[in-house]
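*Asks:* Sharing a structure with you now.
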Amino acid sequence: MPGPTELIIVFLIVLVIFGASRLPQIGKGLGEGIRNFKLGVRDSPEIDVTPKPDATPAEDTRDPASKRPDEG
């Protein structure tokens, strides 16, 4: 576990790189990312990739003359 001196050094480097005005935005983004990750891990239902029964394949709307000869 890093000590307080190392954390202060890292914070100062981040402050120099990003500037004081960007730190709240970076913190907010990190917080939202961590929150979304926790929600995703906790509420991890299985992903259903089966097509819906009402889904129909898209029709070919191209002009028959524009089809390639191998398409029939």
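*Asks:* Could you say whether any residue in the range 37-48 is at pLDDT 90 or above and surrounded by 10 or more Cβ atoms within 10 Å (Cβ to Cβ)?
*Replies:* Taking every residue of the range 37-48 in turn, none turns out to be at pLDDT 90 or above and surrounded by 10 or more Cβ atoms within 10 Å (Cβ to Cβ).
*Asks:* Please go through the range 11-28 and give me each residue that is loosely packed, with under 11 Cβ neighbours inside 10 Å and among the β-branched types (Val, Ile, Thr), ordered by number.
*Replies:* ILE13, VAL16, ILE17
The values are calculated or read from the model by the stated rules, or taken from the named source; none is laboratory data. This is a predicted model, so every value here is computed, not measured. Quick reminder, even Gly has a Cβ in these numbers, built from the backbone with ideal geometry, and neighbours come from all protein chains shown.
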